[in-house]
1. Name, by its number, the condition in (1) surrounded by 14 or more Cβ atoms within 10 Å (Cβ to Cβ); (2) in contact with a strand residue (DSSP E or B) (Cβ under 9 Å, 6 or more places away or on another chain); (3) at negative phi that does not hold for residue 96.
2. Could you check, for the range 117-128, whether at least one of its residues is over 30 Å from residue 282 (Cβ atoms) and outside the structural domain of residue 294 (by TED's automatic domain parsing)?
3. Just checking, how many residues over the range 293-318 are of a type in the set (D, E, K, R) and within 19 Å of the chain's Cα centre (by Cα)?
4. Can you tell me which residue is modelled with the lowest pLDDT among those in the range 112-134 that are surrounded by 15 or more Cβ atoms within 10 Å (Cβ to Cβ) and part of a helix (DSSP H, G or I)?
5. State yes or no: is residue 264 in contact with a strand residue (DSSP E or B) (Cβ under 9 Å, 6 or more places away or on another chain), free of Cβ contacts under 8 Å to residues at least 12 places away in the same chain and among the basic types (Lys, Arg)?
6. Restricting to the range 50-63, and then to whatever is in contact with a strand residue (DSSP E or B) (Cβ under 8 Å, 6 or more places away or on another chain) and part of a loop (DSSP other than H, G, I, E, B), can you tell me which residue is nearest to residue 89 (Cα to Cα)?
7. If the requirement is being under 21 Å from the mean Cα position of the chain (by Cα), over 30 Å from residue 112 (Cα atoms) and either not in a helix (DSSP H, G or I) or not assigned by TED's automatic domain parsing to the domain that holds residue 118 (or both), which of these qualifies: 231, 218, 246?
8. Given (1) surrounded by 23 or more Cβ atoms within 10 Å (Cβ to Cβ); (2) closer than 30 Å to residue 183 by Cβ; (3) hydrophobic (A, V, I, L, M, F, W, C), where does residue 157 come up short, assuming only one miss?
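The values are calculated or read from the model by the stated rules, or taken from the named source; none is laboratory data. Since the model is a prediction, treat every value here as computed from it, not as a measurement. Please note: Cβ atoms are built from the backbone with ideal geometry, for glycine as well, and neighbour counts cover all protein chains shown.
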Amino acid sequence: MGFTKPSTSVRGAHRATGIGILALTLALVAGALAGCGNTDPRNLLDSIRSGSVVLGTKYDQPGLGIRNPDKSVTGFDPSVSTYVVNHIADSLGVKHPEIRWRETPSAQRETLIDNGEVDMIAATYSITTARAKEVAFAGPYLINYQGLLVREDDNSITSLTDLNAGKKLCSVTGSTPAQNVKAQLPNVQLQEYDSYSSCVEALRRGKVDALTTDEVILAGYANFFPDEFKLVGMSYPEDACVKDALKKAGTPFSTEYYGIGMAKEYPDAVAKVNEAIDAMLVPGPDGRSPWDRALRDAIGNETVDSMIARADTPDSKYKFAPDPGNLEFLDSTSTPCPPGLS
C-alpha cells in the first residue's frame with residue numbers, strides 16, 4: 001500500500017497543534033520554575049488555613065529538640081510549636097494542620113525565615129536586638145540562664161569559683177559563655193569542641209570537668225543520661241566589669257529569652273502566636289499548665305522545681321515564668337562600670 005502525502009492544510013493543523021503543545025509545555029515549565037524560585041516569607045496564618053505548616057527546630061538537642069530514629073521530632077520546642085499552631089487553628093475554626101519539621105541550625109535561622117522555607121522557628125532562639133531587626137519574635141516562651149553541667153559523683157564543683165582550681169571547662173568553639181567564664185576565672189583550662197554533644201561525651205569520659213551553656217540545654221542532656229550529671233548554677237562571684245557594663249555579685253552570668261522567630265511582614269500572625277503561648281501558660285484543674293507539663297517532660301521535675309524555688313527566693317535576680325509579647329528587655333540599659341573596676 002503506497003504512502004499518501006498529507007495535504008497542506010492537514011500539515012498546517014498538525015504544526016499548529018505541535019506549536020500549541022510546545023507553548024503549553026514551556027508555560028508549565030516556566031510556572032514550575034517560578035514556583036521553585038519563590039522566596040517570599042511565609043504567612044503562618046495562611047499556612048494554617050491551608051492545612052500544612054513548616055516548623056523549624058533543632059534536631060540534636062535532647063530535651064529541647066531532637067529527631068528520633070523513626071523521624072519524629074520531640075522536645076520542649078516542638079511541643080510549644082505544636083501547641084501554638086493547633087491553638088491558632090482552633091481559634092480560626094479550621095482543622096489542625098499537618099506539621100512538617102525543618103532542621104534549623106543557628107546560623108541559618110534568619111535566612112530560612114526570609115526565604116519562606118519555614119513558617120516559624122522555635123529552636124533555642126534567643127531574642128536579641130540584632131536579630132529583632134531581621135525577623136519578628138513572638139514570646140518569650142522561656143527564660144534561660146547560663147549554667148554548668150558536671151558529673152553526678154563530682155562534689156568538687158558546687159559554684160562557679162570552684163572552676164578556678166585548674167578545672168577543665170568545655171564549651172563550643174568561640175562560644176560567648178565559655179569566653180565569659182575564662183575572662184572571670186583566668187585559671188580555668190578552657191577546652192573547646194565543635195558541638196555540645198562532643199563536650200557531653202568528653203565529660204562522661206572524664207576528659208573535662210564541666211560543660212557550660214544555657215541551663216535548659218544542659219538539663220536536657222542531664223535528663224537524657226539519668227543519674228550521670230547534675231546542674232550547677234552560675235552567677236558572678238563578685239562585682240565585675242563586662243563589656244563596659246557593671247555586673248553585680250549574684251547576677252546571672254547571662255539571661256536568655258527564647259522566642260519564636262517569624263517573618264516581619266505579618267504582625268497579625270505574631271499576635272496570634274503570643275495569644276497561643278499565653279493560653280499554654282494557663283494552669284489546668286491540676287494546677288499545672290500545658291507549658292509546665294511540657295517543660296517537665298523535657299528536662300525533669302527536679303530541675304523545674306529547682307528553677308521555681310530559685311526564682312521565688314527573696315531578692316532573687318532570677319525569673320521563671322515568661323511574659324509573652326513583652327520585649328522591654330531589648331531596651332534595657334546597662335549600668336556603667338565605676339572607675340577602677342576591671
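1. With (1) surrounded by 14 or more Cβ atoms within 10 Å (Cβ to Cβ); (2) in contact with a strand residue (DSSP E or B) (Cβ under 9 Å, 6 or more places away or on another chain); (3) at negative phi applied to residue 96, the lone miss is (2).
2. If we filter the range 117-128 for residues that are over 30 Å from residue 282 (Cβ atoms), which is where we start, we get 117.
Narrowing further to those that are outside the structural domain of residue 294 (by TED's automatic domain parsing): none.
There is no residue in the range 117-128 that is over 30 Å from residue 282 (Cβ atoms) and outside the structural domain of residue 294 (by TED's automatic domain parsing).
3. Taking the range 293-318 and keeping what is of a type in the set (D, E, K, R), we get 293, 296-297, 302, 305, 310, 312, 315, 317.
Applying the additional criterion that residues be within 19 Å of the chain's Cα centre (by Cα) yields 293, 296-297.
So the answer is 3.
4. Across the range 112-134, the extreme among qualifying residues is 131.
5. Working: in contact with a strand residue (DSSP E or B) (Cβ under 9 Å, 6 or more places away or on another chain): yes; free of Cβ contacts under 8 Å to residues at least 12 places away in the same chain: no; among the basic types (Lys, Arg): yes.
Spelling it out, it is not the case that residue 264 is in contact with a strand residue (DSSP E or B) (Cβ under 9 Å, 6 or more places away or on another chain), free of Cβ contacts under 8 Å to residues at least 12 places away in the same chain and among the basic types (Lys, Arg).
6. Keep residues of the range 50-63 that are in contact with a strand residue (DSSP E or B) (Cβ under 8 Å, 6 or more places away or on another chain), which gives 51-60.
Next, from what is left, pick out any that are part of a loop (DSSP other than H, G, I, E, B): 51, 58-59.
Numbers: 51: 9, 58: 24, 59: 25 Å.
Here the residue is 51.
7. On the way: 218 fails: over 30 Å from residue 112 (Cα atoms); 246 fails: under 21 Å from the mean Cα position of the chain (by Cα).
Criteria check complete, one pass: 231.
8. Among (1) surrounded by 23 or more Cβ atoms within 10 Å (Cβ to Cβ); (2) closer than 30 Å to residue 183 by Cβ; (3) hydrophobic (A, V, I, L, M, F, W, C), the lone unmet condition for residue 157 is (1).
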